[in-house]
1. Between the alpha-carbon centers of region 89-166 and region 1-32, tell me the distance in whole angstrom.
2. With +1 on the Cβ of every Lys and Arg and -1 on the Cβ of every Asp and Glu, and nothing else charged, how large is the dipole of the chain about its Cα centre, in debye rounded to the nearest 20?
3. At q = 0.13 Å⁻¹, what is the log10 ratio I(q)/I(0) for region 1-123, with the Debye formula run over Cα points and no solvent?
4. Provide the FRET efficiency to the nearest 0.05 for the A210-A129 pair, computing r from the beta carbons and using R0 = 41 Å.
5. Springs between alpha-carbon pairs under 10 angstrom, Gaussian network model over the chain: which of A235, A92, A167 fluctuates most?
6. Run the quick spin-label model on D231 and S10: label points 7 Å from Cα toward the beta carbon, then report their separation in nm to one decimal.
7. Using 1/(1 + (r/R0)^6) with R0 = 41 angstrom and r between the beta carbons of K2 and A115, what's the FRET efficiency to the nearest 0.05?
8. If you split all Cα-Cα distances of the chain into 5 Å bins from zero, what percentages do you get per bin, shortest first?
Amino acid sequence: MKIASWNVNSLRVRVEHVSDWLETNKPDLLCLQELKMVDADFPEDVFKQLGYHSAYTGQKTYNGVAILSNKPLTNVVTDLPNFEDPMRRYIAGDYPLDSGETLRIVNVYVPNGQALDSDKFVYKRAWFAKLQNAMQDTLSQNPNTVLVGDFNITPSDLDVHDPKKWAGSIHCSDIERLMLQKLMASGLYDTYRNFNKDGEQFSWWDYRGAGYRANEGLRIDLVLSSSAMLDRATASSIDESPRKLERPSDHTPAIAEFDC
């Protein structure tokens, strides 16, 4: 089974990129972030023609998350539990495994935070604290859980092209990494780092300058799995090919594969 996460930075602009990637890679689940469109505009028919069901929650101009799946999801939730927020950043559902078990798939677009001394960072901390609580409940109820998304946090200096330059900055601060560590302490594991011990591979590169050509990136798009799913994991990777396309997203897909 293949699960992928991709911040497409406007699905309206990149629906062809997503469709082509689905046809080429045939994931069982593709989780998208930053749809930047209202639900009425979601191109459900495009993905249906490719054999995918769609669960989504969007808003105009900003945010928005979706899960494309080759089997219909059940028990879909589109609000971060116990957090009143009009921003569309969370979606989860149950996916039927061939074994007869159920996978709980959770897709998030974590707030950027802007700067450590900003109101937006206060929001990021509050949102993340609720995500931590929600995942504790999810993991206690669902041994087979995978949490994916754009976390806007680098797990370690291995995930930063220039740790000295980024030290103490948003995405790379000690407080953000502690937030992520606390989330993972509830029973989540970084599938990519489980299979790839070296740095210098990233999932986001700034549009400005020669960010991608110089590989000046960050790894902020993650596939985190429960212990039970990590035992079934067979590979994890980052596919840079969409970042090389014309008018690409600044992110590229993060992927994990499981023997399920």
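1. Their Cα centres are 19 Å away from one another.
2. The calculation lands at about 360 debye.
3. The Cα Debye sum returns log10 ratios of -0.52.
4. 0.65
5. Of A235, A92, A167, the most mobile in the Gaussian network model is A167.
6. Distance between the two pseudo-spin positions: 4.6 nm.
7. Efficiency for this residue pair is about 0.70.
8. Spelled out per bin, shortest first, that is 1, 6, 14, 19, 22, 18, 13, 6, 1, 0.
Here, each number is a calculation from the coordinates, and none is a lab measurement. Predicted model, so just to flag it, every value in this text is computed and none were measured. Virtual Cβ from ideal backbone geometry, glycine too; neighbours counted across all protein chains shown.
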